[in-house]
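These notes concern the structure reproduced below.
The values are calculated or read from the model by the stated rules, or taken from the named source; none is laboratory data. Computed from a predicted structure; not experimentally measured. Positions of Cβ are generated from backbone atoms using ideal geometry, with glycine treated the same way; all protein chains shown enter the neighbour counts.
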Amino acid sequence: MDKVWILVSDAARARIFAQEAGERGLVELAGFVYPVPRRSATNGGGAHRATLTKGHGRTGHAGTQLEPETDLHAKARSSFARQLADYLNTGASEHRCDAIELIATGPMLHEIKAGLSASASKMLRHCVARDLTHYTGRELHERVEQALQLPA
């Protein structure tokens with residue numbers, strides 16, 4: 001029996017569905033919500049934060065340089081992608097699925113794929129860069145089916 005796990009994700013929420021061979025319906029296995037970090041007014045508040053450091057700049061002399069702070073959203077996305085990849089890796093290693101299909105926004109798709117184990121990567125059938133997280137019910141099922149159709 002062929003059981004496919006389908007992950008639908010963006011950087012803040014994800015759902016994992018199972019689909020049995022020969023069946024059209026999707027059964028939701030898990031839902032994930034990852035809160036996007038927000039900067040507080042007391043913590044700089046601006047969209048662009050940086051740290052001044054002493055060091056050697058391009059001019060070759062000691063001086064003050066502006067070092068950009070790592071983007072909090074990128075860190076959050078990486079952490080969430082690792083959480084999702086871990087769930088898929090566990091399912092693959094425990095033989096709870098036979099194939100994996102990913103539908104996610106471009107940056108998330110890349111990060112989730114990078115976090116997959118060798119066994120989960122072998123099960124990967126389709127990867128589609130698309131955001132379907134805001135759809136529900138029958139419309140979600142139809143959009144998933146359309147996204148996973150291969151060109152003739």
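Details
- In the set ARG138, ARG130, only one residue is within 21 Å of SER78 (Cα to Cα) and not acidic (Asp, Glu); that residue is ARG130.
- Taking region 23-33 as the range and being in contact (Cβ under 8 Å) with a residue 24 or more places away in the chain and either assigned to a strand (DSSP E or B) or aromatic (Phe, Trp, Tyr) (or both) as the test, the residues that pass are LEU29, ALA30, PHE32.
- Extreme residue, nearest to the chain's Cα centre (by Cα), among residues of region 2-22 that are loosely packed, with under 11 Cβ neighbours inside 10 Å and free of Cβ contacts under 8 Å to residues at least 40 places away in the same chain: ALA21
- Against the numbered list (1) in contact with a Lys or Arg (Cβ under 7 Å, 6 or more places away or on another chain); (2) assigned to a helix (DSSP H, G or I), GLN146 comes up short only at (1).
- From HIS134, HIS61, HIS73, residue being more than 17 Å from GLN19 (Cα to Cα), surrounded by 12 or more Cβ atoms within 10 Å (Cβ to Cβ) and either at pLDDT 95 or above or not small (Gly, Ala, Ser) (or both): HIS73
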